Amino acid sequence: MASLPPEVAQPSVIVEPERSTSTVAVAQRTWDVVVWNDPVTPMDVVVVIFRRIFGYSTGRCTQLMMRVHHEGRAVVWSGRRERAEEYCVRVQVAGLRCTIEVTT
Amino acid sequence: MARLFTRQRGGGVVVRLNELGRSLVLDAARRVAAAERGEESVWAALLASPVDPSRADDPLVTLGRQRDMASNAELVVLTAGEDLLTDAEAWAWLSTLQVALRGLADEHAVTDEDALAAAPPDVHERVQALQTLLFSLASCL
């Protein structure tokens, strides 16, 4: 293996680049999966979709569905952004209105 | 009234739809599939709903979602004449009919209960027909 010329050789002490505090903060944030109400979706369908995607009990799914119905939206899952995105897409593929947002 | 879908003891969902019901399912699935190809502009917007409204979505996420919706719709087109669905096929039916219901509502600006009540009779009828199918199918899943 050819050696690098002295001017581009690696320093003997490798200094890690500083991560800005904002980058760290973004990575550590918790994200909410939010399901929004719509006027046409049957309630039972919402319960089935929640049970199938999140694996919650029927009782918990019914509670979440009722919150969507009465309050216009409900947080159905919270956690890391990648998983929140994945859950959100699965809910959207099942035909419900769903987004993600930073937990407040 | 006879149930439109029933769960079979050994697994799977029995379909008891007449020709009119099956044509409704087929039409809904074809429109969802067409939306994925960009041929149904109003419904295409539904398929492009943002995941995170505060910033542009990752194109791979958008493509993945559209691919999954289209796969479900194509599976429904393939099985629209079947009398017995596997659980995976029944889930594809539920997802596709639900996407179609939302597409129909968006297309006719049905944003709340009042707008639904004021919708033209044919739209109201199609919304109710899709709701009936979904309600019955949900009871089997």
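Please treat every number below as a calculation from the coordinates, not as lab data. Here the structure is a predicted model, which is why all the values come from computation and not from measurement. Cβ atoms come from the backbone with ideal geometry, glycine included; neighbour counts cover every protein chain shown.
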Inset, instruction - Please average, across the residues of B:46-58, the number of beta carbons from any other chain that are within 10 Å of each residue's own beta carbon, and give a whole number. - result: 4
Legend entry - Relative contact order of chain B, pairs being alpha-carbon contacts under 8 Å that are 6 or more residues apart, as %: 32 percent
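May I ask you to order B:129-138, B:109-118 by the average number of other C-beta atoms within 10 Å around their residues, highest value first? Don't skip to the answer; put the middle values down first.
On the way: B:129-138: 20.3, B:109-118: 13.2.
Those peptides, ordered most packed to least, come out B:129-138, B:109-118.
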Inset, instruction - Rank these for me by crowding, A:Ile53, A:Ile100, going from fewest to most other beta carbons within 10 Å. - result: A:Ile53, A:Ile100
Inset, instruction - Could you state the angle between the C-alpha long axis of helix B:121-138 and the longest principal axis of the C-alpha atoms of chain B, as a value from 0 to 90 degrees rounded to the nearest 10? - result: 60 degrees
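Could you please rank A:Ser57, B:Ser95, placing first whichever residue has the fewest other Cβ atoms within 10 Å of its Cβ? Provide the component values of the computation, followed by the final result.
Working: A:Ser57 10, B:Ser95 27.
Starting with the residue having the fewest Cβ neighbours, the order is A:Ser57, B:Ser95.
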Legend entry - Centre separation in Å (Cα based) which lies between segment A:81-104 and segment A:53-74: 14 Å
Legend entry - Least to most buried among A:Cys98, B:Cys140 (fewest other Cβ within 10 Å first): B:Cys140, A:Cys98
Legend entry - Between segment B:1-77 and segment A:27-52, the alpha-carbon center distance in angstrom: 17 Å
Legend entry - Net dipole in debye of segment B:5-138 [+1 Lys, Arg Cβ; -1 Asp, Glu Cβ; about Cα centre; nearest 20]: 400 debye
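Per the helix-only calculation at 222 nm, which mean residue ellipticity applies to the protein assembly as shown, given -39500 (n - 2.57) for every DSSP H run of n ≥ 4 and division by its residues, nearest 500 deg cm²/dmol? Don't skip to the answer; put the middle values down first.
Details: 10 runs with 138 residues, N = 245.
Mean residue ellipticity, 222 nm, calculated: -18000 deg cm²/dmol.
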Legend entry - Alpha-carbon Rg with Dmax, taken over segment B:1-74, Å: 16.4, 48
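Summing +1 for each Lys or Arg and -1 for each Asp or Glu, what net charge is found among the other residues whose Cβ lies under 12 Å from the Cβ of A:Phe54? Provide the component values of the computation, followed by the final result.
Numbers: positive: A:Arg51, A:Arg52, A:Arg60, A:Arg83, A:Arg90; negative: A:Glu86.
Summing Lys and Arg as +1 and Asp and Glu as -1 gives +4.
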Legend entry - Equivalent-ellipsoid semi-axes of segment A:28-102, from the Cα gyration tensor, Å, largest first: 19, 12, 12
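Kindly provide the GluC sites (Glu not before Pro) of segment B:28-77 that DSSP labels as loop, not H, G, I, E or B, and whose Cβ sees at most 12 other Cβ atoms within 10 Å. Don't skip to the end; give the middle numbers.
Working: sites: B:Glu36, B:Glu39, B:Glu40, B:Glu74; in loops: B:Glu39, B:Glu40.
Sites meeting the loop and neighbour criteria: B:Glu39.
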Inset, instruction - Could you work out how far helix B:59-79 tilts from the main Cα principal axis of chain B, as a 0 to 90 degree angle to the nearest 10? - result: 30 degrees
